[in-house]
Amino acid sequence: MARRLLLSLAHGRGLLQMTLRIETTSDRQTATLRLIGRIESEHLDELQAQVRRHCPRVVLDLDEVTLVDVGVVRFLIACQAEGIGLLNCAPYIREWMGKEQARGD
């Protein structure tokens, strides 16, 4: 089963730029939410709804994520704490997550 969701488009330099696309695949045991593009805090309500829809067996594939903000980093920390897998997470995001966790301790 595959499902695609495009959250928003932004105008930049006269071009339409995709900010986030979510592609969902499932092997009937685990759902993988493949996140593509920029993830901003304004997308978190929909992203949380997608995660809840597929819990408890869900993983987030971040291989094609290009940019995140601090709200998204905190969301990813919370997901990981709940046992949600983070696949292909960019080193800069992992580092940022570590810094945010250290701040909260």
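Of note:
- Residue match in the range 66-74 (condition: touching a strand residue (DSSP E or B) at 6+ places or on another chain (Cβ under 7 Å), modelled with pLDDT of 95 or more and under 17 Å from Arg21 (Cα atoms)): yes
- When the strands (runs of 3 or more DSSP E) confined to the range 1-44 are screened for residues that are surrounded by fewer than 15 Cβ atoms within 10 Å (Cβ to Cβ) and at pLDDT below 90, those reaching at least 2 such residues are found at 2-12, 15-26.
- For the range 91-102, the count of residues that are in contact with an Asp or Glu (Cβ under 9 Å, 6 or more places away or on another chain) and either surrounded by 14 or more Cβ atoms within 10 Å (Cβ to Cβ) or at pLDDT 95 or above (or both) is zero.
- Take the conditions (1) surrounded by fewer than 18 Cβ atoms within 10 Å (Cβ to Cβ); (2) without any contact (Cβ under 8 Å) to a residue 24 or more places away in the chain; (3) assigned to a helix (DSSP H, G or I); Leu76 misses just one of them, which is (1).
The values are calculated or read from the model by the stated rules, or taken from the named source; none is laboratory data. All of these numbers come straight from a predicted model, not from anything done at the bench. Because the Cβ atoms are built from the backbone with ideal geometry, glycine has one as well, and the counts that use them run over all protein chains shown.
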